[in-house]
Amino acid sequence: MEEVLTQKDFNHKYAVTVRFHEVDMLGVCNNAVYINFFETARLEYIKAAGLMPKDGIFSDGKIFFVVRNEINYLGHAYYDDVLDVFSKISYIKNSSFGYDHMIVKSRTGKTVVDGKGVVVYVDPKTRKSAPLPESFIDAVKKFEPSVKILRD
């Protein structure tokens, strides 16, 4: 059985406001927009965890690919709703790691969506998966003490 997460399970929160161009004809936030919210929250998480290269994203030559996104729609957000996007790295494997996300209406605390993502570290020369650097793993463990290490 899959673990049910609550807001208390997350160390990182990023707030967004639903903009006019993100809603459909019914005034509902378009389903694809939540993936964008996840992506922005992942980048903010990387910054907060001290994993962003000193000279900015892509400056160190390391390559990470998102290889999976999963989302469960549990409610609706509307124009001008303020949403809290909670994110965490939940596990680390040899060359990949997984995120958990939850998006909650700030005003009510109701969960709108939750989801998961998988990111793979890629060797820049071969473009094939490669073992995650120990420095990455150490930084994640420091920021996210509950992370599960599932390496061989």
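Conditions: (1) touching a Lys or Arg at 6+ places or on another chain (Cβ under 7 Å); (2) farther than 24 Å from Thr6 by Cα; (3) among the β-branched types (Val, Ile, Thr). Val118 meets all but one. Number of the miss?
Unmet condition: (2).
Does region 128-141 include one or more residues that are open to solvent by 80 Å² or more (accessible area, probe 1.4 Å), out of contact with any Phe, Trp or Tyr (no Cβ under 8 Å at 6 or more places or on another chain) and within 15 Å of Lys13 (Cβ to Cβ)?
Taking every residue of region 128-141 in turn, none turns out to be open to solvent by 80 Å² or more (accessible area, probe 1.4 Å), out of contact with any Phe, Trp or Tyr (no Cβ under 8 Å at 6 or more places or on another chain) and within 15 Å of Lys13 (Cβ to Cβ).
For region 35-53, which positions are basic (Lys, Arg) and either closer than 17 Å to Lys116 by Cβ or crowded, with 21+ Cβ neighbours inside 10 Å (or both)?
Once the filter is applied, which keeps residues that are basic (Lys, Arg) and either closer than 17 Å to Lys116 by Cβ or crowded, with 21+ Cβ neighbours inside 10 Å (or both), region 35-53 yields only Arg42.
If you check Leu74, Leu150, which single one turns out to be open to solvent by 20 Å² or more (accessible area, probe 1.4 Å), aliphatic (A, V, I, L, M) and more than 25 Å from Asp24 (Cβ to Cβ)?
Result of the check over Leu74, Leu150: Leu150.
I'm checking my understanding of the structure. Among residues of region 77-115 that are out of contact with any strand residue (DSSP E or B) (no Cβ under 6 Å at 6 or more places or on another chain) and surrounded by fewer than 15 Cβ atoms within 10 Å (Cβ to Cβ), which one is nearest to Asn11 (Cα to Cα)?
Result: Gly109.
Being charged (D, E, K, R) and closer than 20 Å to Phe136 by Cα is the filter; apply it to region 69-101 and report the residue that is farthest from the chain's Cα centre (by Cα).
Lys93
Where residues in region 9-34 are charged (D, E, K, R) and within 16 Å of the chain's Cα centre (by Cα), which of them is surrounded by the most Cβ atoms within 10 Å (Cβ to Cβ)?
Step by step, filter region 9-34, then rank; the result is Lys13.
Scan region 116-144 for residues that are assigned to a loop (DSSP other than H, G, I, E, B) and either touching a strand residue (DSSP E or B) at 6+ places or on another chain (Cβ under 9 Å) or aromatic (Phe, Trp, Tyr) (or both) and report the count.
Going through region 116-144 one residue at a time, the tally reaches 9.
Here's the yes/no breakdown for (1) outside any loop (DSSP other than H, G, I, E, B); (2) among the acidic types (Asp, Glu):
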{"site": "Leu26", "(1), (2)": "no, no"}
{"site": "Asn31", "(1), (2)": "no, no"}
{"site": "Ile35", "(1), (2)": "yes, no"}
{"site": "Phe38", "(1), (2)": "yes, no"}
{"site": "Ile46", "(1), (2)": "yes, no"}
{"site": "Leu51", "(1), (2)": "no, no"}
{"site": "Asp55", "(1), (2)": "no, yes"}
{"site": "Ser59", "(1), (2)": "no, no"}
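The values are calculated or read from the model by the stated rules, or taken from the named source; none is laboratory data. On a predicted model such as this, the values are computed, not experimentally measured, just so you know. All Cβ positions, even for glycine, are placed from backbone atoms using ideal geometry, and neighbour counts span all protein chains on display. When the accessible area is computed, the model is the full protein with side chains, heavy atoms only, and any ligands, DNA or RNA have been set aside. Shrake-Rupley method; radii C 1.70, N 1.55, O 1.52, S 1.80 Å.
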